[in-house]
Protein chains: 2
Amino acid sequence: MLETQQNEIDVIARRSQAAWEQWAELGRVRRADAMRAAAAVLDDAADELVPLALAESHLGEPRLRSELVRTTFQLRLLADTVCDGGYLDVRVDHAAPDWPMGARPEIRRWRVPVGPVVVFAASNFPFAFSVAGGDTASALAAGCSVILKAHPGHPQLSERTGQLVAGALERAGAPAGTFQVIFGEQAGVAALRHPLVKAAAFTGSLAGGRALYDIAAARPEPIPFFGELSSVNPVFVTPAADAARGEQIAEGLVGSFTLGAGQFCTKPGVVFAPAGASLVSALRVRELPAPAPLLNGRIAELYLAGERRLRAHPAVQVLNEGEGALSDPPAPTVLLTTADAVIADQRSLLTECFGPTVLIAEYTATEQLLEVAAALDGQLTATLAAEEHDAIARELTAVLVTKAGRLLWNQWSTGVSVTHAQQHGGPYPATTAPGTTSVGTAAIDRFTRPVAFQGFPVALLPAELGDESVAPRLVDGQPELPRPSAGA
Amino acid sequence: MLETQQNEIDVIARRSQAAWEQWAELGRVRRADAMRAAAAVLDDAADELVPLALAESHLGEPRLRSELVRTTFQLRLLADTVCDGGYLDVRVDHAAPDWPMGARPEIRRWRVPVGPVVVFAASNFPFAFSVAGGDTASALAAGCSVILKAHPGHPQLSERTGQLVAGALERAGAPAGTFQVIFGEQAGVAALRHPLVKAAAFTGSLAGGRALYDIAAARPEPIPFFGELSSVNPVFVTPAADAARGEQIAEGLVGSFTLGAGQFCTKPGVVFAPAGASLVSALRVRELPAPAPLLNGRIAELYLAGERRLRAHPAVQVLNEGEGALSDPPAPTVLLTTADAVIADQRSLLTECFGPTVLIAEYTATEQLLEVAAALDGQLTATLAAEEHDAIARELTAVLVTKAGRLLWNQWSTGVSVTHAQQHGGPYPATTAPGTTSVGTAAIDRFTRPVAFQGFPVALLPAELGDESVAPRLVDGQPELPRPSAGA
């Protein structure tokens with residue numbers, strides 16, 4: 001695949017700038033329709049796209065087909081969100097001469113798109129976190145144009161997906177340039193640095209994401225950088241849960257940490273289990289899934305280096321491994337250590353190892369769980385395998401709320417549903433923007449900013465800010481639901 | 001005033017960390033009550049505080065009294081916002097086996113406080129953007145603890161206000177350490193760098209704010225930095241508006257740009273007027289207010305240097321000035337240039353000059369207004385003095401929406417009301433976080449982050465996430481108003 005030349009980036013950025021204002025002006029209904037048209041085109045092209053993805057990612061066909069379903073569902077759900085209009089956060093304050101701090105003028109506020117956005121695609125979800133993935137869908141939904149930097153792991157798929165999406169959007173009335181795909185690391189950096197670009201989104205590694213974050217922050221005009229970087233997704237198993245269903249937890253854990261060959265941002269990477277747990281016994285003897293090829297040679301190399309580093313740690317031993325655990329493709333591995341060792345050397349033992357490995361850390365007293373939790377870096381998820389009567393569960397929850405974006409109760413963190421209440425985010429290094437999510441309908445908020453109109457004639461304002469409620473809004477501080485229009 | 005020593009910062013940060021978890025756990029009603037108690041104590045101390053502020057700021061007594069009213073009103077309005085609970089953005093998705101992308105688990109999401117926050121106080125509002133100002137009020141409202149770095153311009157007032165607020169909060173049940181005041185630039189930087197601090201807010205200069213932003217972004221764990229830095233707040237006067245009421249606009253402008261001796265973030269700094277406007281004639285002959293002392297010697301020095309730089313520009317002439325315009329205290333000045341000159345040399349002519357000066361830029365065709373607007377940096381405000389039938393007004397509004405946080409129609413930008421719909425923010429350099437506001441009830445959002453609970457027993461969750469609606473929320477994607485409780 002030819003790399004986009006740096007001198008092309010200025011043309012691409014200007015095209016993106018020209019496009020987004022028209023794209024936003026199409027209005028919410030036409031924008032939503034264009035997104036639905038893009039979803040339909042991708043669905044129709046499944047038999048062309050899935051083989052491309054298969055050849056470039058080594059992920060299995062069933063997984064890729066369901067990932068494409070997820071991707072087009074996401075485009076449609078965000079199109080619905082655009083129509084609902086709640087994300088606009090419309091607020092109307094009528095003039096109030098008796099406002100206690102002094103007469104209040106009339107102010108009407110909503111959220112507008114920020115402008116052109118650069119999205120860096122991920123390797124591990126060639127559909128759902130890539131060209132037409134969640135970041136693209138939420139930026140387009142907000143009314144932004146998108147410059148998509150393709151991941152080098154699946155260039156053919158990226159190019160074809162990009163053509164299909166751009167074509168569908170244009171046929172549905174979007175201006176040319178609403179969606180553009182670029183290739184190559186240097187092109188991505190040049191786009192991130194371009195003055196017309198107003199925000200960026202990224203899913204990938206800690207090193208790569210931090211480097212791009214630093215570039216965004218060092219611009220003459222710094223811009224928001226929504227990066228999803230790194231998480232070990234700790235699991236806390238209480239003695240009561242282990243006693244009640246240690247074997248079942250072992251089964252679920254193996255399914256979760258080997259799903260997609262362990263290449264999920266939300267893969268459980270470390271599990272705290274009571275010393276001598278039946279979970280540990282079950283994991284020792286359980287047959288692990290067969291080796292599965294990783295996404296590409298570079299990922300396999302990084303995984304094997306990380307896995308070797310963990311095994312070389314003096315406090316770590318191998319609890320169970322498939323044949324060829326240190327080969328490529330690697331068989332899954334279960335490693336064993338102690339909670340004390342984790343507390344003593346978090347830097348080595350709580351670093352994400354992207355691939356089919358999990359570290360079990362045995363604890364001797366439940367208080368250690370609180371100590372571990374308090375010492376954690378930011379996480380995308382934290383999971384409790386517990387019983388409702390567990391005294392430790394409430395205390396642990398209170399600590400984990402300060403550390404992770406999503407807490408799970410007796411469920412597994414892999415498989416992130418796209419919903420209204422979903423939260424895929426968390427304090428650094430899970431993300432560079434802990435106040436936001438990159439999955440779910442709230443993901444749209446990242447690409448908007450509030451603008452208030454003071455004293456404007458209603459005729460000069462968009463319908464959403466007028467006197468009829470066409471979207472949920474806050475009127476003089478009171479929440480108000482949209483009223484059905486006269487025609488409804 | 002003794003500066004806080006850097007080695008004290010670790011103790012202060014740990015105290016802040018210990019406090020915030022308890023402060024958040026007090027619950028919304030008690031937290032709101034504590035904030036109202038702090039407001040009451042400040043109101044009661046007006047006769048002590050206003051003279052302190054007067055001695056340290058040179059702002060007049062009426063202004064300082066009304067600023068204190070604004071400050072305590074703000075604490076109370078944010079306390080009400082805490083009780084309303086809309087800011088929690090509660091979302092409940094029930095389990096849905098038929099969710100199109102695959103069975104949906106139950107997810108319940110709300111926003112939690114981020115942790116200890118450092119607030120850098122401003123010089124120009126010794127009450128409202130200082131110790132007990134908007135950033136403090138919104139961080140406390142969110143459930144965060146606050147380390148307040150006092151502004152060196154009013155140390156005695158800061159110390160006393162800090163004592164009163166901390167005392168009132170503690171008496172109302174807040175843990176010690178919920179609110180702490182520190183002094184000195186190095187102490188502020190040390191606090192900003194402290195690993196326990198999770199966000200920072202700042203109102204001040206471009207140079208100072210950018211330096212702190214860079215420090216926040218370069219931390220091993222970067223944190224959100226909500227800085228409000230610099231704005232020239234352009235005003236666009238259409239020919240029709242000038243013809244209809246040029247003199248009246250001149251009168252309003254003089255009131256606005258000299259208010260508080262021009263020391264407002266929202267001071268109109270540049271006004272685009274038709275060549276030969278009656279506005280310009282009126283400004284030429286209008287008597288300007290008397291000289292007023294600036295906040296302190298440093299501000300006066302910076303102002304006079306900036307004013308001299310503007311006057312030395314070859315395209316700038318003095319349209320009107322009071323006697324002693326280049327002395328300290330300075331008399332107000334009205335400067336004159338052309339829109340072409342502004343377009344040709346924005347860097348010189350569109351740089352904020354903090355103090356009683358305004359630049360009038362004459363244009364010869366209304367299209368120039370669109371050109372100027374498109375070239376603007378980010379702004380806190382942009383103002384139209386226009387008539388509803390002006391064709392240019394709609395076009396100009398569309399461009400200005402992309403540049404400013406608040407647009408005004410035939411009103412003046414100074415005097416920012418604290419309301420539900422207010423937006424005090426904008427693209428860089430107006431702020432470092434264009435998606436947020438530092439004034440109004442939405443300011444609380446900056447200090448929260450979302451957390452989702454998947455599959456949790458309701459008994460382990462806060463009431464807000466339970467099955468009774470006690471706050472506005474989104475249930476399965478549908479907005480729902482709180483139901484009155486049984487006792488109501």
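The values are calculated or read from the model by the stated rules, or taken from the named source; none is laboratory data. These figures come from a predicted structure and were not determined experimentally. In this analysis, Cβ positions are derived from the backbone assuming ideal geometry, glycine residues included, and neighbour counts consider all displayed protein chains. Accessible surface is based on the protein model in full, side chains and every heavy atom, while ligands, DNA and RNA are left aside. Shrake-Rupley method; radii C 1.70, N 1.55, O 1.52, S 1.80 Å.
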- Task: Residue by residue through the range B:58-82, note down the ones that are touching a Leu at 6+ places or on another chain (Cβ under 7 Å), within 13 Å of chain A (Cβ to nearest Cβ) and of a type in the set (A, V, I, L, M, F, W, C).
- Result: B:Leu68
- Task: Have a look at B:Leu350, B:Leu336 and point out the one that is among the hydrophobic types (A, V, I, L, M, F, W, C), in the same structural domain as B:Pro268 (by TED's automatic domain parsing), in contact with a helix residue (DSSP H, G or I) (Cβ under 8 Å, 6 or more places away or on another chain) and closer than 19 Å to B:Thr258 by Cβ.
- Result: B:Leu336
- Residue list for the range A:429-467, restricted to those being more than 9 Å from chain B (Cβ to nearest Cβ), within 30 Å of B:Ser417 (Cβ to Cβ) and of a type in the set (A, V, I, L, M): A:Ile444, A:Val458, A:Ala463, A:Leu465
- Going through the range A:429-460 one residue at a time, which ones are surrounded by fewer than 24 Cβ atoms within 10 Å (Cβ to Cβ), assigned to a helix (DSSP H, G or I) and touching a residue at least 40 places away in the same chain (Cβ under 8 Å)? A:Asp445
- Item | Hits in the range B:1-52 (condition: of a type in the set (Val, Ile, Thr) and closer than 19 Å to B:Gln186 by Cβ) | B:Thr4, B:Ile9, B:Val11, B:Ile12
- Enumerate the strands (runs of 3 or more DSSP E) found wholly within the range B:325-428, keeping only those where 2 or more residues are more than 10 Å from every other protein chain (Cβ to nearest Cβ). B:333-338, B:357-363, B:379-385
- Message: Name the residue that is farthest from B:Leu77 (Cα to Cα), counting only residues in the range B:7-65 that are open to solvent by less than 40 Å² (accessible area, probe 1.4 Å) and of a type in the set (S, T, N, Q).
- Response: B:Ser57
- Message: Among the residues in the range B:468-475, are any outside any loop (DSSP other than H, G, I, E, B), basic (Lys, Arg), at the interface with chain A (Cβ under 7 Å from one of its Cβ atoms) and under 30 Å from A:Phe447 (Cβ atoms)?
- Response: no
- With the range A:228-322 as the region, which strands (runs of 3 or more DSSP E) entirely inside it contain at least 2 residues that are open to solvent by 60 Å² or more (accessible area, probe 1.4 Å)? A:317-321
- Message: Give me the residue from the range A:151-165 that is touching a Leu at 6+ places or on another chain (Cβ under 9 Å) and surrounded by 24 or more Cβ atoms within 10 Å (Cβ to Cβ) and, out of that set, nearest to A:His58 (Cα to Cα).
- Response: A:His154
- Message: Among the residues that make up the range A:359-382, is at least one of them within 23 Å of A:Arg298 (Cα to Cα) and more than 21 Å from the chain's Cα centre (by Cα)?
- Response: yes
- Message: Can you tell me which of (1) touching a residue at least 24 places away in the same chain (Cβ under 8 Å); (2) of a type outside the set (D, E, K, R); (3) assigned to a helix (DSSP H, G or I); (4) closer than 20 Å to A:Ser417 by Cα is the one A:Leu59 doesn't meet?
- Response: (3)
